[in-house]
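Visitor: Before we start, here is the structure in question, set down as structure tokens.
The values are calculated or read from the model by the stated rules, or taken from the named source; none is laboratory data. In this text the structure is predicted, and so the values were computed from the model without any measurement. Neighbour counts are summed over all protein chains in view; Cβ atoms, including those assigned to glycine, are modelled from backbone coordinates with ideal geometry. Only protein heavy atoms, including side chains, enter the accessible area calculation; ligands, DNA and RNA are left aside. Shrake-Rupley method; radii C 1.70, N 1.55, O 1.52, S 1.80 Å.
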Amino acid sequence: MYYSYFDKHALLCFRELLVSVRFDEPGWQWSGCFLPEHLGDTQVKMRNYISGAVSMIRVEVQNADVSISDERIIGNPHGNSGTSLILLSDDDTGFMPYRIDNFSKERLRIYQQRCENFETIIHSYTSCPYAWDEPCYVHRLIVEVAGERFIGSYALDDVKEHRHVYLPSTSEKPERTLLVSVHAEGATKVLSIIDSSYHILNDEKGSPVPRSKEKRKHDQKQETSVDYSERISVSLPSIGISIVNAYPQVYQKGIP
């Protein structure tokens with residue numbers, strides 16, 4: 001089997017007609033598997049257990065009887081050598097097909113089914129881009145409240161609202177109900193876990209953006225105190241603020 005390598009040398013390991021790769025540097029673990037006989041391109045994810053870094057690698061599988069940089073790999077006289085060419089490169093797009101949004105005060109533990117060793121912790125009110133650790137395994141994500149209980153198993157490509165998850169009260173926390181749903185934002189599928197004790201979903205059908213309950217009460221109070229003839233409601237999932245100094249400054253670069 002032919003393969004190309006990029007800046008970081010890659011080692012290849014074969015298991016059950018599948019291929020894994022890893023960087024030949026300290027701390028890097030073997031990636032998820034891909035099928036060497038399936039032509040096309042895919043992504044695989046590699047983790048570094050020392051630094052915690054995650055790297056996405058683009059894998060392209062071609063028939064070896066193709067021209068690459070005007071150099072031809074010669075196969076049999078009929079032009080079909082039966083050999084696959086594996087091209088590895090850094091995925092500079094930074095794209096991951098999924099994202100997990102944690103709109104709760106819980107610390108969530110997620111991992112792909114049958115891949116419990118490749119866990120990710122999502123802290124309260126944070127988001128995490130996600131890609132499958134084993135592309136050839138079942139595409140289901142296990143979600144748990146870290147150290148407490150199982151929440152559910154979810155197919156991230158299935159856009160829908162899931163059953164609410166009830167968490168009983170403990171000596172440290174009151175009872176909670178988590179709203180779980182999957183929605184699409186462009187090419188990205190987003191799994192949202194929302195604590196209904198603090199948030200509600202927008203009234204608009206299909207809107208995944210949570211709103212604070214205190215904000216909702218304030219809006220209702222304003223509506224009852226003023227008789228509006230028309231009302232416009234705008235929902236902003238995020239907002240950017242730029243701060244500019246009022247005093248202009250000119251920077252000059254010295255010339256030696």
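Visitor: For residues that are β-branched (Val, Ile, Thr), open to solvent by 40 Å² or more (accessible area, probe 1.4 Å) and over 14 Å from Phe23 (Cα atoms), scanning just region 42-72, find the one that is modelled with the lowest pLDDT.
Guide: My answer is Ile68.
Visitor: Being open to solvent by less than 40 Å² (accessible area, probe 1.4 Å) and touching a helix residue (DSSP H, G or I) at 6+ places or on another chain (Cβ under 7 Å) is the filter here; which residues of region 175-199 pass it?
Guide: If the condition is that a residue be open to solvent by less than 40 Å² (accessible area, probe 1.4 Å) and touching a helix residue (DSSP H, G or I) at 6+ places or on another chain (Cβ under 7 Å), then His199 is the only one that fits.
Visitor: Go through region 150-174 residue by residue and tally those that are surrounded by fewer than 12 Cβ atoms within 10 Å (Cβ to Cβ) and modelled with pLDDT under 90.
Guide: Of the residues in that region, 6 qualify.
Visitor: All but one of (1) open to solvent by 50 Å² or more (accessible area, probe 1.4 Å); (2) in contact (Cβ under 8 Å) with a residue 12 or more places away in the chain hold for Glu119, so report the exception by its number.
Guide: (2)
Visitor: Here is a follow-up. Just one of the numbered conditions (1) at pLDDT 85 or above; (2) within 24 Å of Lys189 (Cα to Cα) is not true of Asp24; which one?
Guide: Going through (1) at pLDDT 85 or above; (2) within 24 Å of Lys189 (Cα to Cα) one by one, Asp24 breaks only (2).
Visitor: Given the structure, is Asp227 at pLDDT 90 or above and either open to solvent by 100 Å² or more (accessible area, probe 1.4 Å) or assigned to a loop (DSSP other than H, G, I, E, B) (or both)?
Guide: Judged against the criteria, Asp227 is not a match.
Visitor: Further question: Please go through region 84-107 and give me each residue that is farther than 20 Å from Val180 by Cβ, under 19 Å from the mean Cα position of the chain (by Cα) and of a type in the set (Ser, Thr, Tyr), ordered by number.
Guide: Of everything in region 84-107, just one residue is farther than 20 Å from Val180 by Cβ, under 19 Å from the mean Cα position of the chain (by Cα) and of a type in the set (Ser, Thr, Tyr), namely Thr93.
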